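Below: the structure, in structure tokens.
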Amino acid sequence: MTNNIYALLVAIDEYPSPVPSLNGCVNDILEIQEYLQGRVAADGDKLHIRTLLNRDATRQAVIDGFREHLCQASSEDVAFFYYAGHGSQEQAPQEFWAIEPDRLDETLVCYDSRTEGGWDLADKELAKLISEVDQNNPHTVIILDCCHSGAATRGELEAETAIRKTSTDKRQRPWDSFIFSLSETEKLSAALSPEKNPSGWSFPTGKHIVLAACRDSETAKEYNSNGQPRGAFSYFLLDTLKKANGSLTYRDLFKRANALVRSKITAQSPQIEAT
């Protein structure tokens, strides 16, 4: 039986000022896109890709990518979201304070997030979008090569390495800028327990695998591979997949990639969460 793989691939290197630019995000996504195209064709499945790069990766475009593209995945299909770019935090509305002791939401920084009238994509909005995808019960895989908190310092060898984190958005965000109603927040927001969610991201229950570049107290760094900038996590994850010819469980894939990242990069510990 031919299965469908719906992939939403998002990479942002070139942000409008004042968000600092990155170097390896687009490289990461183009590499994973090429890998998926070859791998899925070899397996006889059908691949549906929507790729958003730089200025195309607006907040609304990412939301539409979930609702118009990933939500097509059914129970025999895979819904795959890969984000490479800046992560950050923003001031949480008072309604979230009970589940966010630091009063901050974790966020993905879309291309237009820090422009006038723009906002980040909050973790609870990401949870809402994933829950919408999950209505048809596909197998959902989320990979985040970014970070959102912490102040880990870099050693001398990494002094020129870019970090995929930008400053906290301290604007007071209006409630009507979120994609859900107030009544949905309790249902969508899982308790942020360090034991249950070491990556710091909060997701709804369902068949989900989440691979995150680092713990919530660390930073996701870029890595130079033969002169080509890449995300350290993305590079070693894909390198592991290629060498194993794709025949790995998620747990084994994570263990190998994690060991490689930690051997090359200081203060970065990738995380895996499965439900």
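Taken together, the values in this text are just the output of simple stated rules run on the coordinates, not laboratory data. Because the structure is a prediction, the values reported are computed rather than measured. Positions of Cβ are backbone-derived with ideal geometry, glycine not excepted, and every protein chain shown enters the neighbour counts.
The table that follows gives values for the structure above.
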item: Potential extension, Ser217-Tyr35 segment - 0.36 nm per residue separation minus Cα distance; result: 62.5 nm
item: Length-normalised contact order for region 1-99 - Cα pairs under 8 Å, 6+ apart - percent; result: 46
item: Tensor-based shape of region 32-74 (alpha-carbon gyration tensor, a/c under 1.5 rounded, otherwise prolate or oblate); result: oblate
item: Within region 13-108, trypsin sites (Lys or Arg not before Pro) in DSSP loop having at most 13 other beta-carbon neighbours inside 10 Å; result: Arg103
item: Those GluC sites (Glu not before Pro) in region 27-81 that DSSP places in a loop and that have at most 10 other beta carbons within 10 Å; result: none
item: Low-density loop positions, GluC sites (Glu not before Pro), region 78-133 - DSSP coil, at most 12 other Cβ in 10 Å; result: Glu116
